[in-house]
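The values are calculated or read from the model by the stated rules, or taken from the named source; none is laboratory data. Quick caveat, the model's predicted, so the values are computed rather than measured. For neighbour counting, all protein chains shown are included, and Cβ atoms are generated from backbone atoms with ideal geometry for every residue, glycine included.
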Amino acid sequence: MASIGERLEEARKRQGISLREAAEATKIRSDFLQSLENNQFEFDLPDVYRRGFLKLYARFLKLDTEKVMTDYNAVLLGSSKVAKRENREVFGRMDLPESTKPIGGADSEPPFGAHQHPGRASEARPAPSGGPADAMETQSDSGLYWKIGLIFVGGFAIVGLIFLLVQAIVGGSSGDDAAPLPDQPVASSDAEPTTAATNDSNRGAFKIIANDDVLNVMVRQDIDRKKLFGQSMSAGEEITIDREGPVRVVSSDIDKITIELNGKRITSPSSGIGQIKLGMQGPEN
């Protein structure tokens, strides 16, 4: 069965569309589209954008978007299983030292081995039990046990650190559906906005209206970084959001949304990925 990238490329060429034309129509950079067609899904963007780009591109090429996203989830699951298996193989192996020869035994080299008088090998006398040789052998075994114990402790410590690091990365990704974006130009408004919140109250509500299908809209409150909204919107959809203090409205299609605040309509002069920062009375720098 053809891979996701092969299906995308075949559908695009069948319709006689170039990468540049597809990028202009979807507002997705052509290098991202090329990566999708090459089955290279790990480009430097949060997963929510990679999923959104793939779904939007498949919809643009008139492919079965649900089938494409199901195959994409299967690819991610397979990659995760391979990574876990490799980690288990790395931390599951441990080279133990070769078995030691008892000090003072017949196989040991002088001066600790059994001494034999020339011509009287059959009368070699073993070292007395409990003598210096036994004491040295016990010390050697103790040292070996200590080394093995330290190897185990070090291995567990490394695994624990990796686990904590993975938890931190996963936690950060799940808490922030989209990476912070650089400030965009100040949004336009029907009336001149003020740049500071009112002193009477820091509570208020505003409305977001989708002028077209929007891949992703996220609203985050500045005072406590709390996410107030985060999902895609359909054309004509409206959502009212209560907030405390200034917020940032971030979208992959910032030009496709309109914000209503205090009777004013606010839009962004930019297109594509961008953000609008709202104070209590209007947009802020």
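For (1) among the acidic types (Asp, Glu); (2) at pLDDT below 85, each residue gets a yes or a no:
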{"residue": "Ala25", "(1), (2)": "no, no"}
{"residue": "Phe41", "(1), (2)": "no, no"}
{"residue": "Arg51", "(1), (2)": "no, no"}
{"residue": "Lys55", "(1), (2)": "no, no"}
{"residue": "Glu66", "(1), (2)": "yes, no"}
{"residue": "Gly78", "(1), (2)": "no, yes"}
{"residue": "Ala83", "(1), (2)": "no, yes"}
{"residue": "Ile103", "(1), (2)": "no, yes"}
{"residue": "Ala127", "(1), (2)": "no, yes"}
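Among the residues of region 203-260, what is the count of those that are in a loop (DSSP other than H, G, I, E, B) and either among the aliphatic types (A, V, I, L, M) or in contact with a Leu (Cβ under 7 Å, 6 or more places away or on another chain) (or both)? Show your work before the answer.
Taking region 203-260 and keeping what is in a loop (DSSP other than H, G, I, E, B), we get 211-213, 222-226, 234-237, 245-246, 252-253.
With either among the aliphatic types (A, V, I, L, M) or in contact with a Leu (Cβ under 7 Å, 6 or more places away or on another chain) (or both) added as a condition, the list becomes 223, 235, 246, 252-253.
Residues flagged as in a loop (DSSP other than H, G, I, E, B) and either among the aliphatic types (A, V, I, L, M) or in contact with a Leu (Cβ under 7 Å, 6 or more places away or on another chain) (or both) within region 203-260 amount to 5.
Scan region 43-77 for residues that are touching a strand residue (DSSP E or B) at 6+ places or on another chain (Cβ under 7 Å) and small (Gly, Ala, Ser) and jot them down.
Gly52
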